[in-house]
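Asks: Shown below is the structure under consideration.
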């Protein structure tokens, strides 16, 4: 080999050694950058700007928790959002949550994706700071193979890292109608959720199913019932109501209610049950007179628990009687001793005729009709949420009613045929003649 050949070989060896050394020295820096660039593929601009998890303002954690623990939310864990939608009235008001942006100026919004995917999430609730509870797996395609679910999961609130996930059903195996579910946290920290004709209590720390029970569905077959709506009464009783799928419908998901109604299939009547929050015993059950597809709310009215339900043709109300006058009575079936019993002494909802006219400012039956721009209806228990829309309608919670300034067609305090007498022992079902009810 010539001298020039030897020099070339030595030079090549030196270059290889330098390349290896450079890789070893710089690889720990270059490789993460490459992985980072790959990870940025598909990120939105606000995710790219955040470049990582979002803990929020940690200095607010203790303040918000202390505020939430002072809120009157009986039956629910005292947190920023222990209920499915703020409280038993589904007010959507989160008075202890802090908005750190500007109300009257531009805001820059950051985002970051969770470390784990939670498919078809419907509700996200908080217990203690850093704890996130998620309901998901309950929006399957109308036909074909479904994802497993529903499930409840607990995650780290900052990163979305999964701590536990508990699957409650698999419609491919059980044949159950899988539709939207619910998520509420009890004062003892347990999670309560319901689906199809089942209700379950989960340990909030481990995800263990502590108890599970089967619920009656009244005249509607269990295969066409889904206990989507769960609201907790002030005495802790779980009040559940099912959505119903038209008989003969084979489609999955909540939209089956609408999709199968179009061909003219008949939707079964809903059922209302009272359930003990610790044992899951069914305290009582009412077969409603028609389908009730929307959620119910619970509040106090004249010192008694009142349950308001929207049905396809109007609205329903039921609740407790005075205990001194309800001995030996129950909604249906046998009374249960011990534990919450506020539905035990109620009567089934009753239909009321059109009520007498109410003049603005007149007070009767526990209702005050106030005229003027701030017109509203005031119950003895306090002001009811009210909002006037541009179309001249009044919204009370989730139920709408046509507003006629000089007529009140449904008295919350009405009795019998709604002649304006004070509410006594018979909770009522009332409906405007045009089919629009006010609760």
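Asks: If I go through the range 290-302 residue by residue, how many of them are in a loop (DSSP other than H, G, I, E, B) and either without any contact (Cβ under 8 Å) to a residue 60 or more places away in the chain or in contact with a strand residue (DSSP E or B) (Cβ under 7 Å, 6 or more places away or on another chain) (or both)?
Replies: Qualifying residue count for the region: 6.
Asks: Could I ask something else about it? Give me the residue from the range 88-106 that is without any contact (Cβ under 8 Å) to a residue 12 or more places away in the chain and under 22 Å from residue 61 (Cα atoms) and, out of that set, surrounded by the fewest Cβ atoms within 10 Å (Cβ to Cβ).
Replies: Of the range 88-106, the ones without any contact (Cβ under 8 Å) to a residue 12 or more places away in the chain are 92-93, 99, 101-106.
In the following step, the residues that additionally are under 22 Å from residue 61 (Cα atoms) were identified as 92-93, 99, 101-103.
Values: 92: 11, 93: 13, 99: 8, 101: 10, 102: 9, 103: 6.
The extreme case among them is 103.
Asks: Which one of these is more than 30 Å from residue 116 (Cα to Cα), at pLDDT 85 or above and out of contact with any helix residue (DSSP H, G or I) (no Cβ under 9 Å at 6 or more places or on another chain): 54, 71?
Replies: Numbers: 54 fails: more than 30 Å from residue 116 (Cα to Cα).
Of the residues listed, the single one that is more than 30 Å from residue 116 (Cα to Cα), at pLDDT 85 or above and out of contact with any helix residue (DSSP H, G or I) (no Cβ under 9 Å at 6 or more places or on another chain) is 71.
Asks: Read through the list (1) in contact with a strand residue (DSSP E or B) (Cβ under 9 Å, 6 or more places away or on another chain); (2) outside any strand (DSSP E or B); (3) more than 23 Å from residue 81 (Cα to Cα); (4) at pLDDT below 95, then give the number of the only condition that residue 266 fails.
Replies: Looking at each condition in turn, residue 266 falls short on (1).
Asks: Condition first: part of a loop (DSSP other than H, G, I, E, B) and closer than 22 Å to residue 194 by Cα. Now tell me which residues in the range 118-133 satisfy that. Outline the logic, then answer.
Replies: Let us first name the residues in the range 118-133 that are part of a loop (DSSP other than H, G, I, E, B), namely 118-122, 127-130.
Listed by number, the residues that qualify are 118, 119, 120, 121, 122, 127.
Asks: Only one of (1) buried (at least 21 other Cβ atoms within 10 Å of the Cβ); (2) free of Cβ contacts under 8 Å to residues at least 60 places away in the same chain; (3) assigned to a loop (DSSP other than H, G, I, E, B) fails for residue 240. Which number is that?
Replies: (3)
Asks: To continue, here is another question. Those residues that are more than 18 Å from residue 122 (Cα to Cα), in contact (Cβ under 8 Å) with a residue 24 or more places away in the chain and part of a loop (DSSP other than H, G, I, E, B), I need them from the range 61-87; list them, please.
Replies: Answer for the range 61-87, where residues must be more than 18 Å from residue 122 (Cα to Cα), in contact (Cβ under 8 Å) with a residue 24 or more places away in the chain and part of a loop (DSSP other than H, G, I, E, B): 71, 74, 75, 76, 77, 78, 79.
Asks: Taking the range 202-237, which residues are under 20 Å from the mean Cα position of the chain (by Cα) and part of a loop (DSSP other than H, G, I, E, B)?
Replies: 203, 204, 207, 215, 233, 234, 235, 236, 237
The values are calculated or read from the model by the stated rules, or taken from the named source; none is laboratory data. What you see is a predicted model; the values in this text were computed from it and never measured. Neighbour counts are summed over all protein chains in view; Cβ atoms, including those assigned to glycine, are modelled from backbone coordinates with ideal geometry.
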